[in-house]
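Novice: My structure is below; once you've seen it, I'll send some questions.
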Amino acid sequence: MKKVYISSSLEQTEKIGAEFAASLNGDEFIAMYGDLGAGKTAFVRGMASYICPLCRVSSPSYTLINEYVGGKFPLYHFDVYRITDDDALYSTGFYDYPGSGVCVCEWSENIPYAIPQGAIRITLEHLGENERRITVIRDQNEDFSD
Ligand SMILES: Nc1ncnc2c1ncn2[C@@H]1O[C@H](COP(=O)(O)OP(=O)(O)OP(=O)(O)O)[C@@H](O)[C@H]1O
Ligand SMILES: [Mg+2]
């Protein structure tokens, strides 16, 4: 299933993020893609405003992982912009996470080998100074084989 949104402001991107978060079960992995300044952190801020309204979201670029607990479900926010290989990823503790809670990962293009099967993929693209295209892809993983 694919959904495409056009956002024309930061606030609209946050709102789309909040609405997206309201559709989650609480155990998903969300792989985010998009250039510098595309609005990935803004989208996650919107997600967190729904999941954990009392949590504050900053860009985790320097910490790699931010955890937001105490909300409807845990939210683990990764930013792997600086990750260049699997050893570096491993040492962040990335592989200890998925399980319970929602993981959302900025710069997933850097770690294609580590994105779990069935992840929701979200791509943000610049269309103009304040315009962004946000594409959400959920693979149904439907098995029609029998
Ligand atoms: N429609 C929009 N949606 C989101 N951000 C927008 C929009 N229009 C303008 N902006 C601006 O774009 C920037 C988005 O920053 P943000 O930190 O969310 O991007 P990012 O994709 O996380 O970048 P990085 O790769 O550096 O982590 C902000 O400065 C914001 O004000
Ligand atoms: Mg960011």
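The values are calculated or read from the model by the stated rules, or taken from the named source; none is laboratory data. Everything numeric in this text was worked out from a predicted model, so none of it was measured. Ideal geometry is used to build each Cβ from the backbone, glycine not excepted, and the neighbour counts take in all protein chains shown. Accessible surface is based on the protein model in full, side chains and every heavy atom, while ligands, DNA and RNA are left aside. Shrake-Rupley method; radii C 1.70, N 1.55, O 1.52, S 1.80 Å.
Novice: Test LEU10 against the stated conditions and say whether it is within 14 Å of ligand 2 (Cβ to nearest atom), over 25 Å from GLN117 (Cβ atoms), open to solvent by 20 Å² or more (accessible area, probe 1.4 Å) and not small (Gly, Ala, Ser).
Specialist: yes
Novice: Residues being open to solvent by less than 50 Å² (accessible area, probe 1.4 Å) and in a strand (DSSP E or B): count how many of those fall in the stretch 114-136.
Specialist: The number of residues fulfilling the criteria is 8.
Novice: Here's a check for you: in the stretch 22-32, which residue that is aliphatic (A, V, I, L, M) and open to solvent by less than 30 Å² (accessible area, probe 1.4 Å) is nearest to ligand 2 (Cβ to nearest atom)?
Specialist: Only one residue fits best here, namely MET32.
Novice: A further question on this structure: In this structure, is PRO116 under 14 Å from the mean Cα position of the chain (by Cα), modelled with pLDDT under 95 and more than 16 Å from ligand 2 (Cβ to nearest atom)?
Specialist: Spelling it out, PRO116 is indeed under 14 Å from the mean Cα position of the chain (by Cα), modelled with pLDDT under 95 and more than 16 Å from ligand 2 (Cβ to nearest atom).
Novice: For a quick check of your reading: which strands (runs of 3 or more DSSP E) sit entirely within the stretch 3-113 and have at least 3 residues that are free of Cβ contacts under 8 Å to residues at least 40 places away in the same chain and under 29 Å from GLY128 (Cβ atoms)?
Specialist: In the stretch 3-113, the matching strands (runs of 3 or more DSSP E) lie at 75-79.
Novice: Moving to a separate point now. So in the stretch 44-70, with the set limited to residues that are at pLDDT 90 or above and open to solvent by 30 Å² or more (accessible area, probe 1.4 Å), which one is nearest to LEU10 (Cα to Cα)?
Specialist: ARG45
Novice: How many of the residues making up the stretch 77-102 are within 16 Å of ligand 1 (Cβ to nearest atom) and closer than 15 Å to PHE29 by Cα?
Specialist: Of the residues in the stretch 77-102, 4 are within 16 Å of ligand 1 (Cβ to nearest atom) and closer than 15 Å to PHE29 by Cα.
Novice: Here are ASP86, ASP35: which of them is away from ligand 2 (no atom under 12 Å from the Cβ), of a type in the set (Asp, Glu) and open to solvent by 30 Å² or more (accessible area, probe 1.4 Å)?
Specialist: Values: ASP35 fails: away from ligand 2 (no atom under 12 Å from the Cβ).
On inspection, the qualifying residue turns out to be ASP86.
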